Amino acid sequence: MKNEWKRRTKLVHGGTRRSQYGEVSEAIFLTQGFVYDSAEAAEARFVQAGDDEFIYARYGNPTVAMFEDRIAGLEGAEAAFATASGMAAVSGALISMLKAGDHVVSARALFGSCLYVLEEILTRYGVEVTFVDGTDVEAWRAAVREDTKIVFFETIANPTLEVVDVAAVAEIAHAVGAKVVADNVFATPVFSRALEQGADVVVYSATKHIDGQGRALGGVILGTEEYIRKTVEPYMKHTGGSMSPFTAWVMLKGLETIDLRVRAQADNALAIADALQGHAGLERVIYPGHASHAQHELVKRQMGKGGTVIALDIKGGQAAAFRFLNALDIVVISNNLGDAKSIATHPATTTHQRLSDEQKDVLGITPGLVRLSVGIEDAEDLIADVMQALEAL
Ligand SMILES: *Cc1c(COP(=O)(O)O)cnc(C)c1O
């Protein structure tokens, strides 16, 4: 891959390793292992595998390497490690760096499984975790300590779409020598510049926008060559959360079109947010890309666009939210996001059901809140669908 290539070119051609057959579409090396020419060659490879040499698919595979190189090129990362799911990426990025007695500061608004890893798993192994309001820079400053090893946040929090100021939090973390790990799913690889803005590690659930068509689970950890090779790779390859070659192929195909899809989704999301402003059936419309968002200036500076997800707080609580969901015609009820299909979710009773009422309250997950992941359908059709479902109230 050429470094001077622009992002869209990198997405189509980056990382390609062509076999002797000259295939146009990337080959799926659906093999768990590799044959050596001699016993000496096997020994040599176990001592030090070269760039294009593989040992076992849990350690690496040519199709997986293509995906890792392509996403690393896009993100501007030195290296990447592909994982079996987004949660394998989040837990691997964190656990591979931590040991008992370490301190972590995390934003409190997190995807349910991320919260479980930080609150239930890390603490079980003697890691202390302090949760803060991720939007409050002073809260981060007050929470970090000399022994803080990692600062963790979702750049845009699910489902209330509050935004963390990456550069400001990174400066605070780096002042005490802590590493910044950003779960960047909602920012998307298309709009993210998190590494440039100070994050040390970026993780994605590739299940979301990278696949973008609801087919496979996957994830990826991006960072320096040193961190990926010396910290992440030994942890992942020995604990088993590596990506399968078939999934890597699905994700490579996803990357080819991600820029087109995500930009179309963000344009649709803005059109819907615009159309819904001031609607009588809504308490509020939350979209980071709309001028009405409390952190709109930060969003413009940090990512340019507002991403692909909108949150609607429907008047009348859960009963009204359910009536709205059940009246949708094009938009499907599901819990994925970033898909080409528009998807609506009721966080309070599904993705965030595990939280106490008090936690939901603190995070703004009201009974009327609906998360709308906007797809690539025609904007007019989507607006009409949402409007008719609101009329149904
Ligand atoms: C979906 C998601 C994950 C987990 O990804 P999986 O691929 O489902 O394991 C982690 N973080 C965020 C912000 C997510 O939206």
Count - residues of segment 180-201 that are in contact with a strand residue (DSSP E or B) (Cβ under 8 Å, 6 or more places away or on another chain) and more than 12 Å from the ligand (Cβ to nearest atom): 9
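Can you tell me which residue among LEU298, LEU282 is within 19 Å of ARG371 (Cβ to Cβ) and buried (at least 16 other Cβ atoms within 10 Å of the Cβ)?
Of LEU298, LEU282, the one residue that is within 19 Å of ARG371 (Cβ to Cβ) and buried (at least 16 other Cβ atoms within 10 Å of the Cβ) is LEU282.
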- request: Please work out which residue is nearest to the ligand (Cβ to nearest atom), limiting yourself to segment 71-95 and to residues that are surrounded by fewer than 24 Cβ atoms within 10 Å (Cβ to Cβ) and closer than 17 Å to ARG215 by Cβ.
  value: SER85
message: So for segment 141-153 (the condition being of a type in the set (Gly, Ala, Ser), surrounded by 17 or more Cβ atoms within 10 Å (Cβ to Cβ), more than 13 Å from the ligand (Cβ to nearest atom) and in the same structural domain as ALA88 (by TED's automatic domain parsing)), does at least one residue qualify?
response: yes
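This table checks each residue for (1) basic (Lys, Arg); (2) in contact with an Asp or Glu (Cβ under 9 Å, 6 or more places away or on another chain); (3) assigned by TED's automatic domain parsing to the domain that holds TYR227; (4) touching a residue at least 12 places away in the same chain (Cβ under 8 Å).
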site	(1), (2), (3), (4)
TYR36	no, yes, yes, no
ASP51	no, no, yes, no
PRO62	no, yes, yes, yes
ALA65	no, yes, yes, yes
MET87	no, no, yes, yes
field: From the options ALA199, ALA175, ALA216, ALA168, residue that is assigned by TED's automatic domain parsing to the domain that holds VAL12, of a type in the set (A, V, I, L, M) and in contact with a Ser or Thr (Cβ under 7 Å, 6 or more places away or on another chain)
entry: ALA216
query: Given the conditions (1) crowded, with 24+ Cβ neighbours inside 10 Å; (2) within 11 Å of the ligand (Cβ to nearest atom), which single one is not true for SER242?
result: (2)
- line: The helices (runs of 4 or more DSSP H) lying wholly within segment 20-123 that contain at least 3 residues that are among the hydrophobic types (A, V, I, L, M, F, W, C) and closer than 30 Å to THR155 by Cβ are 62-75, 86-95
- prompt: Looking at segment 28-45, which of the residues that are among the β-branched types (Val, Ile, Thr) and either in contact with a strand residue (DSSP E or B) (Cβ under 7 Å, 6 or more places away or on another chain) or surrounded by 12 or more Cβ atoms within 10 Å (Cβ to Cβ) (or both) is farthest from ARG17 (Cα to Cα)?
  reply: THR31
message: On the basis of being within 12 Å of the ligand (Cβ to nearest atom), farther than 17 Å from ASP200 by Cα, assigned by TED's automatic domain parsing to the domain that holds GLY214 and over 16 Å from the mean Cα position of the chain (by Cα), does TYR116 make the cut?
response: yes
query: Any chance segment 346-361 includes a residue that's hydroxyl-bearing (Ser, Thr, Tyr), surrounded by 14 or more Cβ atoms within 10 Å (Cβ to Cβ) and part of a strand (DSSP E or B)?
result: no
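Can you tell me how many residues in segment 212-239 are small (Gly, Ala, Ser) and crowded, with 21+ Cβ neighbours inside 10 Å?
Step one: of segment 212-239, the residues small (Gly, Ala, Ser) are 212, 214, 216, 218-219, 223.
So of that shortlist, the ones also crowded, with 21+ Cβ neighbours inside 10 Å come out as 212, 218-219, 223.
Residues that pass the stated criteria total 4.
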message: Return the residues of segment 354-372 that are farther than 22 Å from THR308 by Cβ and in contact (Cβ under 8 Å) with a residue 60 or more places away in the chain; say none if nothing qualifies.
response: ARG354, LEU355, VAL362
field: Identity of the residue in segment 185-211, of a type in the set (Gly, Ala, Ser) and part of a loop (DSSP other than H, G, I, E, B), that ends up surrounded by the fewest Cβ atoms within 10 Å (Cβ to Cβ)
entry: GLY198
field: Qualifying position, being surrounded by fewer than 16 Cβ atoms within 10 Å (Cβ to Cβ) and either polar (S, T, N, Q) or within 16 Å of the ligand (Cβ to nearest atom) (or both), among ASN335, ASN268
entry: ASN335
- prompt: Quick check, is ALA139 in a loop (DSSP other than H, G, I, E, B) and in contact with a strand residue (DSSP E or B) (Cβ under 8 Å, 6 or more places away or on another chain)?
  reply: no
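The values are calculated or read from the model by the stated rules, or taken from the named source; none is laboratory data. Since the structure is predicted, the reported quantities are computational estimates derived from the model, not experimental observations. So basically every Cβ, Gly included, is an ideal-geometry build from the backbone, and we count neighbours across all protein chains shown.
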